[in-house]
Amino acid sequence: MAEPEELLQELRSKATELLLREDYKESITAYSQFITLCQDQIKKTHENPDTDHVPKLQKSLCLALSNRAEARSRLREIGEALKDCDEALRIETAHFKTLLCKGKILMNLNKYSMALDCFKTAQLDPQASDGSSKSLNGHLEKCKKMEFLSRTGAFDLSDWVVNGFRGKPPELAEYIGPVQIRKSDIGGRGLFATKNIDAGTLLFVTKAIAIERSILGGEGLGDNAQLVMWKKFIDEVTNSASKCPRTNNLLTTLSSGDGEFDIEIPDMSLFRPETDDSCRISVEKLDKNRILSILDVNSLVEDAVSAKVLGKNSDYYGIGLWVLASFINHSCVPNARRLHVGDHVLVHASRDVKAGEEITFAYFDVLSPLGKRRELSRSWGFDCCCKRCRFEEGLHSRQEVREIEVSLERGMDSGAVVFRLEEGMRGWMVRGKEKGYLRASFWAAFSEAYGSEKLVKRWSRRIPLADTIVDSVVEAVGSDERVLKISMGRLKKIDGCGVLEMERAQKLGRGLFGKAMKKQAMKILLDLCCS
Ligand SMILES: C[S@@+](CC[C@H](N)C(=O)[O-])C[C@H]1O[C@@H](n2cnc3c(N)ncnc32)[C@H](O)[C@@H]1O
C-alpha cells in the first residue's frame, strides 16, 4: 500500500489535472479524497507533536479547498463552494486564490460590498503574481461599479442604445428603489410605492433566477419547441434551487396559486442581495410539483427592449423568473413597465405614482375591450376586478356601449366609432380618468382614426384633439408604444417641433423606456418606435 504522503501527492496531481481539463465533477471527487486524507494526516500529526509537518499539510489543505471551491462554483454548487472558501480562509485568512474565488461567487450573487472586501484583502497579498493581480484589478473595478449602481440605481443605457444595441448588453447590478411588499386588495401580496414618484423612475432591477431562450420558427414546430423550452426552464430552476440556498429561499416566498389570502408577507431585506441571510436560510425544500406551480403563476415572457424596438427576431421567445417582479399584480390601469436587458429586468413607473399606491403591470394587452380582457385574465387564472374593470362592468349593461363594440367589430368607419363613444361618454356623464379607461378599451378605433390623415381630416371637427386622447389614455394605462406613435406621428407633421412638444414627447418616452437613457438615446428610441 502506498504511503499517505505518496497517496496525497497522487490525489493532488489527479485533482489538479482534472480541474485544468475542466472535468469539474471528477475533480471535486479527487479533491474530496485528498481533503479527507489530508485532514486525517493533520489530526495524526497533531497527536505526535514532534513533527513540523502541520504547516505544510495545512497549506496543501487550504489550496485543495480553494480549488474544490472553484470547481464547485463552476458547477453552480454555490452553497458548497462558499463553505469551502470559508474553510480555506480559516486556515489562511488572506489566501489570494480563495479570496478571488469567493469574491467572484459573491459578485455573481450580487453581494457587491462583500465581494469588494474579498478583492481588497486579496490585493494585500504580496504573493499575487503580475497575471493574477491584473485579473484581480479587473474584478475590483467591476465590483466597485456594481456596488455603486446597486446603491444608487444610476443606470445609463444610452451608449448601448446610441450604438444600435450592438455588442453585449450593458452590465447591470441588482437595485431596489422606493418599493415594499404589502398585502394587496387586488390579490395576495403586491408591491407598493413608498413615496411619490414620477413617470420613468426606476423601481428596481433584478436578475433572473433562470431564463430559457429560443428562436421558435415555423408553424407546428412552435408548440413542440415551446414544450421543450418549458421543460429545460423547469430543470434549470430546480437545479438552481438545489444548488443555491438563497435561490431556494427566494423561491419559497413565491405564490403557487393556492391560498393567496393569508399568504406570508416576506421582509424586503430578503431581496437585498447584500443582506447576510445565512441565518435565515429556509430548510423548506421545494418539490417538483411546487416548483411547477410557482413557475406557472410567476414566470414572465422576456420582452427584450433591443428586439422589441428594432422589431427584429419576431420568432424569438424567452421565458424567465425574476423573483421581485413576481410580486407585481396585474391591473388594467397599470402604472409600471418592464425593460429586459440581458438577464436583468428593469421595472420603472410608466406614469406618475403616489406614495402608497400599488405598483401594477399589464399581464396582457390592456388597450383592448372589457370582453377581451376578461378572456385574457381568465387564461391567467383569475378574474380581474381592478377599478377599470369594475367601472366598465357597470357601464356594460348599456345598450349603446354594446352597439359601439359591435360596430367596431363590424369594421365601421373608426372615426364614427370614436365620435359615437365620445358623444356617449358625454351622455353617460363619464368624467376624468374614466374617459381614459374607455378610450383605452376602444383603442383600436382611436388608433385607426388618429393614424389616418384621411380620417383625421374627415372627423377633426367632431372628435377631440389627438393630444387630449394621448394624455387621457396615458393617464389611465401609462405610456405605451402605440399611444406614443400617435403623438410622435403628429409631431413629425408640425414644422419645427417646439421645445414644449419635445419635452412632452420625452416625458412619454420616459414612461415607456424609463429614465435610464439620456435625451439623445431617448430621441433615437422614440424615432425607432414610430418608424
Ligand atoms: C405573479 S403573482 C402576483 C403576486 C401575488 N399576488 C402574490 O401574492 O404572490 C400572480 C398572481 O396574483 C394574483 N393576481 C394578480 N393580478 C390579479 C388581479 N388583477 N386580480 C386578481 N388576482 C390577481 C393571481 O392569483 C395571480 O395568479
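Could you sort the peptides 505-515, 450-460, 25-35 by per-residue average Cβ neighbour count (10 Å cutoff), highest mean leading? Please list the in-between numbers first.
Numbers: 505-515: 23.1, 450-460: 15.3, 25-35: 20.5.
Per-residue mean Cβ counts within 10 Å order the peptides as 505-515, 25-35, 450-460.
Between Thr238, Ile42, Asn163, whose Cα lies farthest towards the positive end of the dipole of the chain when Lys and Arg beta carbons carry +1 and Asp and Glu beta carbons carry -1, centred on the Cα centre?
Towards the positive end, the residue furthest out is Asn163.
About the Cα centre of the chain, what is the dipole size in debye to 20, counting +1 per Lys and Arg Cβ and -1 per Asp and Glu Cβ, all else neutral? If you can, show how the numbers build up before the last one.
Working: 80 positive and 77 negative charges, 436 e Å.
In total the dipole reaches around 2100 debye.
Once you charge only the Cβ atoms, +1 for Lys and Arg and -1 for Asp and Glu, what is the size of the charge dipole of segment 370-530 about its Cα centre, to the nearest 20 debye? Write down the numbers at each step before the final one.
Values: 33 positive and 23 negative charges, 68 e Å.
Roughly 320 debye, rounded to the nearest 20.
Just the Cα atoms of the chain, one point each, no solvent: what log10 I(q)/I(0) does Debye give at q = 0.06, 0.10, 0.13 Å⁻¹?
For the chain, the Cα-only Debye profile gives -0.39, -0.90, -1.33.
Return the subset of Lys232/Lys485; Lys102/Lys285; Lys102/Lys207 for which the Cα-Cα distance in this structure is over 27 Å, preserving the input order.
Details: Lys232/Lys485 38 Å; Lys102/Lys285 25 Å; Lys102/Lys207 20 Å.
Where the Cα-Cα span goes over 27 Å, the pairs concerned are Lys232/Lys485.
Can you give the extra length, in nm with one decimal, that the chain gains between Lys372 and Asp235 once fully stretched, where that is 0.36 nm per residue apart less the Cα-Cα distance? Walk me through the numbers on the way to the answer.
Values: separation 137, 0.36 × 137 = 49.32 nm, distance 3.37 nm.
Between Lys372 and Asp235, full extension yields 46.0 nm more.
Just from its helices, what would the mean residue ellipticity at 222 nm be for the chain, if runs of 4 or more DSSP H residues each count -39500 (n - 2.57) and the sum is divided by every residue, rounded to the nearest 500 deg cm²/dmol?
Computed ellipticity for the chain at 222 nm equals -18000 deg cm²/dmol.
Compute the whole-percent fraction of alpha carbon pairs in segment 159-361 spaced more than 21 Å apart.
On the way: 11525 of 20503 pairs.
The proportion of pairs with Cα distances above 21 Å equals 56 percent.
For the peptides 433-441, 264-272, 9-17, what is the packing order when you average, over each peptide's residues, the other Cβ atoms within 10 Å and list the highest mean first? Show your work: numbers first, answer last.
Details: 433-441: 23.0, 264-272: 15.0, 9-17: 16.9.
Put in order of decreasing packing, that is 433-441, 9-17, 264-272.
Spin-label point model (7 Å from Cα, Cβ direction): what's the Asn163 to Asp365 distance in nm?
Going by the 7 Å Cα→Cβ label model, 3.5 nm.
How big is Rg to Rh over segment 370-530, alpha-carbon atoms, Rh as the Kirkwood inverse-mean-distance radius?
Numbers: Rg = 16.7 Å, Rh = 16.9 Å.
For segment 370-530, the value is 0.99.
Taking 51 Å as R0, compute the FRET efficiency from the Cβ-Cβ separation of Asn137 and Ser379 and round it to 0.05. It would help to have the intermediate numbers written out before the result.
Values: r = 52 Å, r/R0 = 1.01.
Efficiency, from the Cβ-Cβ distance: 0.50.
Between Arg182 and Arg431, what is the label-point separation in nm under the 7 Å Cα-to-beta-carbon projection?
In this crude spin-label approximation the distance works out to 2.7 nm.
Would you mind listing how long segment 4-151 runs along its three principal axes, going by Cα atoms, in whole Å with the largest first?
Sorted from largest, the Cα extents of segment 4-151 read 52, 32, 28 Å.
Counting pairs of alpha carbon atoms under 8 Å apart in space and at least six apart in sequence, what relative contact order in percent does segment 4-151 give? Spell out each step's value before the answer.
Values: 165 pairs, mean separation 22.9, N = 148.
Computed value for segment 4-151: 15 percent relative contact order.
Express the relative contact order of the chain as a whole percentage, based on alpha carbon pairs under 8 Å and six or more residues apart in sequence.
13
Tell me, what is the Rg over Rh of segment 89-186, with Rh the Kirkwood radius over Cα pairs?
Details: Rg = 17.3 Å, Rh = 15.5 Å.
Value, to two decimals: 1.12.
Expressed in nm to one decimal, what extension gain is obtained for the pair Glu171 and Asp258 from 0.36 nm per residue of sequence separation less their Cα-Cα distance?
Numbers: separation 87, 0.36 × 87 = 31.32 nm, distance 3.66 nm.
Contour length minus the Cα-Cα distance gives 27.7 nm.
Under the 0.36 nm per residue contour assumption, what length would be gained going from the current alpha-carbon distance of Ser397 and Glu501 to full extension? Don't jump to the answer; show the numbers that get you there.
Numbers: separation 104, 0.36 × 104 = 37.44 nm, distance 3.97 nm.
Separation in residues times 0.36 nm, less the Cα-Cα distance, equals 33.5 nm.
Can you figure out the FRET efficiency of Lys144 with Ser269, using R₀ = 25 Å and their beta-carbon distance, to the nearest 0.05?
On the way: r = 23 Å, r/R0 = 0.93.
Approximately 0.60, to the nearest 0.05.
If you line up the long axis of helix 130-152 against the longest principal axis of the chain, both from Cα atoms, how many degrees apart are they, to the nearest 10?
40
On a 0 to 90 degree scale, rounded to 10, what angle separates helix 4-20 from the longest Cα axis of the chain?
It is inclined by approximately 30 degrees.
Pick out, from Ala69, Leu251, Cys384, the residue whose Cα sits farthest towards the positive end of the charge dipole of the chain, with +1 on the Cβ of Lys and Arg and -1 on the Cβ of Asp and Glu.
The residue sitting most towards the positive pole is Cys384.
Taking Cα pairs under 8 Å and at least six residues apart, what relative contact order does segment 159-361 come out at, in percent? Don't skip to the end; give the middle numbers.
On the way: 341 pairs, mean separation 70.8, N = 203.
That works out to 35 percent.
None of the figures in this text is laboratory data; all of them are computed from the coordinates on show. This one's a predicted model, so the numbers in the text were calculated from it and none came from an experiment. Quick reminder, even Gly has a Cβ in these numbers, built from the backbone with ideal geometry, and neighbours come from all protein chains shown.
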